[in-house]
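Have a look at the structure below, then the notes.
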Amino acid sequence: MAIDAMEMKLRPPEAELKPYPPKLITLASGEKMVVREARREEVGALLGTIYPLIGVPADFYDIVAVRMYAEILGWYRYRVANEFVLVGAIDGVIAGIVTSRHVSPQLGMSLHTLTIKRGLRVGAQLFAAKMEHHLDVLGEEEVYIVAESPNGFKRWMIEYQLEDRSALYPEVRHELGGVPTFVLTRPLWDAVRSIKCTGSRPISDADLKTADKLIMPSEYSQLPGFKR
Amino acid sequence: MANVGIVGIGHTRFGNSSEYDLGDVLAYAATDCLKDAGFLERRKEIDQVFVANMASGMFCHQTAVASAMISKMDMEPVPAELIENGPASGASAIKVGYMAVASGLADVVLVVGGELMRKVTGWNATDIVATMLHTEAEYNMGLTLPGFGGMFTRMYMEKYGLTERDLALVAVKDHENGAKNKYAHVQIPCTIEAIADGPEADVVNNYIAEPLRMYSTCPVTDGAAAVLLVNMDAPIAKEFKKKPIRIAGVASATDTHCVHNRKDPLRLEAVRIAGEKAYKMAGLGPKDISFAELHDAFVILELAISEEVGLFERGKAYLAVRKGETKIDGRLPINPSGGLKSKGHPVGGTGVSQVVELVRQLRGEAEPGRQVKDPKVGMSVNFGGFGNNVVAVICAKE
């Protein structure tokens, strides 16, 4: 597609980001979840997966879903700099999605974590994968993180013992409205990596192929009675 | 004493009901129970209601929930009282209900138990539950129930050779049953490879209170359950939709509030005594038990309780689990409901839920794949505190 001069002005500068190497996690149910970077052409499946959750206020699914919807749309339309999207898929069915942004060689900006399939710590695994991408793959020194739900606060701030820099506001502020900013530093990551982050690499072609085509879930535990 | 039977059972889907009012959740279970008994329209003829709840004042900032439930159900002026005995509140309420009927004071008693624990965060729920510990010697020292569970498990491991993999085997068995139970909180099976043997098990099944892992502990759960008790010797006993399941034995016992005051912290004396008294009352023994619902808030308790009530030799229950003896098709199925581990543990409601499962199994009404084959006698043990107040119930098919 030809990109005209105006469109070029609207697009942010992009850094060349190292790709996230896909991995395979065996969940407690025995199901195999492929974690990999989402591709731009998969935006339809991603947005279609998120959309029904925009109407779910329980556990703040609505705010996380609507914001992630915008983030992925912004990524697709080149309106957010250096964003990446990781997806977890079980037999191709989307189980969870995370969004994040590379700000500089030193700093990452964690955006959102959306668990679709509940009860198996899919969100916890995907959040850890996101941190792995920031700190181990992209080589950043720290990641800014906020929580918009009690579940998020417990999973990230408490369990990772994140550094609270909210007192440094407004000098230190997360892009999501400057809400209290917590930070995963490299020493903190080194301390928790082995208990929070897992997955087998290299992933076999056969396993990777199961997630080659992303499939929107047909049911959601968050939406009883919903059928796609 | 009159014979006491159960003619109705009710249960909510355990899980997250935090958007609801506790009175509504209790009323839902009670309505389900009265429909099952064919007595919903005649509910004002009930002689007495007992509601079991542990801590709605703290979880929901709501008290006097027995009165709330009565009004929700349009049951005034039926008398109703609240029974509180920590996580054993449910079975205690059944015991009190039994006493009311057996003594002749009442012919029909409705017992409802429930809790909404997810109104608060998980760590607040853990803190609220921990308030049942000894204030100075335990709670103020930072002890919690998972903390006690972890220490108890470590001692048991060192004494009897239990491994973390054995704990995982109990969880796999419980989740296999719970996945088929439409009322269970976590209806997801788990595999031994994923939670114990595989390369990712350490993270997928992370530590909660070492050596207890996520799949060694029950979830924080909302829910309610109800049973309708009747004097089996009274004419009204014939006016219900279903034949009664008899309460053959019900007994409770206590132990020291402080665990460190026990001669041997691995011995659960209140469990042993409650079990023995229930057996004696029923005229039965461990060999007569077809299946059991045991209070596995931590999976180690399923093993330890099963030994204390004589279902297995001391220190050997985990060997029976290894052989598959406690699976649904094993010699002695334990926790066919999924147990607290998979079905969930809404503290005030658990004891009632366990007895609902006894009745469901004895009627042959459990879902395919988790129905015990031709059961005659079921036993439940509801465990309060860290074993300081325990209630055992034995139900028998007539």
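List of remarks:
- So B:Val227, is it surrounded by 22 or more Cβ atoms within 10 Å (Cβ to Cβ) and part of a helix (DSSP H, G or I): no
- Summed over the range B:246-281, residues that are farther than 18 Å from B:Ala100 by Cβ and assigned to a strand (DSSP E or B) total 2.
Rundown of residues vs (1) in contact (Cβ under 8 Å) with a residue 24 or more places away in the chain; (2) assigned to a loop (DSSP other than H, G, I, E, B); (3) crowded, with 24+ Cβ neighbours inside 10 Å, yes/no style:
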{"residue": "B:Ala2", "(1), (2), (3)": "yes, yes, no"}
{"residue": "B:Arg13", "(1), (2), (3)": "yes, yes, no"}
{"residue": "B:Val25", "(1), (2), (3)": "yes, no, yes"}
{"residue": "B:Ala29", "(1), (2), (3)": "yes, no, yes"}
{"residue": "B:Phe39", "(1), (2), (3)": "yes, yes, no"}
{"residue": "B:Ala66", "(1), (2), (3)": "no, no, no"}
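- Scan of the range A:1-46 for residues that are of a type in the set (A, V, I, L, M) and within 14 Å of chain B (Cβ to nearest Cβ), ordered by number: A:Leu24, A:Ile25, A:Leu27, A:Ala28, A:Met33, A:Val34, A:Val35
- Test for B:Ala106: is it more than 22 Å from the chain's Cα centre (by Cα), in contact (Cβ under 8 Å) with a residue 24 or more places away in the chain and crowded, with 18+ Cβ neighbours inside 10 Å: yes
- Of all residues in the range A:73-95 being without any contact (Cβ under 8 Å) to a residue 40 or more places away in the chain, in contact with a strand residue (DSSP E or B) (Cβ under 9 Å, 6 or more places away or on another chain) and not hydrophobic (A, V, I, L, M, F, W, C), the one that is farthest from the other protein chains (Cβ to nearest Cβ): A:Gly74
- Qualifying residue in the range A:186-194 (condition: outside any helix (DSSP H, G or I), closer than 19 Å to A:Ala128 by Cβ and either touching a Leu at 6+ places or on another chain (Cβ under 6 Å) or of a type in the set (Ser, Thr, Tyr) (or both)): no
- Within the range A:96-147, considering residues that are in contact with a strand residue (DSSP E or B) (Cβ under 8 Å, 6 or more places away or on another chain) and basic (Lys, Arg), the one surrounded by the most Cβ atoms within 10 Å (Cβ to Cβ): A:Lys130
- Condition met for B:Lys242 (outside any strand (DSSP E or B), under 21 Å from B:Val109 (Cβ atoms) and among the basic types (Lys, Arg)): yes
- Restricting the range A:47-62 to residues that are within 12 Å of another protein chain (Cβ to nearest Cβ) and either assigned to a strand (DSSP E or B) or surrounded by 15 or more Cβ atoms within 10 Å (Cβ to Cβ) (or both), the residue that is modelled with the highest pLDDT is A:Val56.
- Some residue of the range A:140-147 being in a helix (DSSP H, G or I), within 14 Å of another protein chain (Cβ to nearest Cβ) and touching a helix residue (DSSP H, G or I) at 6+ places or on another chain (Cβ under 6 Å): no
- Filter result for the condition that a residue is within 14 Å of chain A (Cβ to nearest Cβ), under 30 Å from B:Asp32 (Cα atoms) and part of a helix (DSSP H, G or I), over B:Ala171, B:Ala184, B:Ala196: B:Ala171
- Of residues in the range B:199-224 being at the interface with chain A (Cβ under 8 Å from one of its Cβ atoms) and charged (D, E, K, R), the one surrounded by the most Cβ atoms within 10 Å (Cβ to Cβ): B:Glu200
- Among (1) within 14 Å of chain B (Cβ to nearest Cβ); (2) in a strand (DSSP E or B); (3) of a type outside the set (Phe, Trp, Tyr) - the single one A:Arg118 does not satisfy: (2)
The values are calculated or read from the model by the stated rules, or taken from the named source; none is laboratory data. Not measured: the values here are computed from a predicted model. Cβ coordinates were reconstructed from backbone atoms using ideal geometry, including for glycine residues, and neighbour counts include every protein chain displayed.
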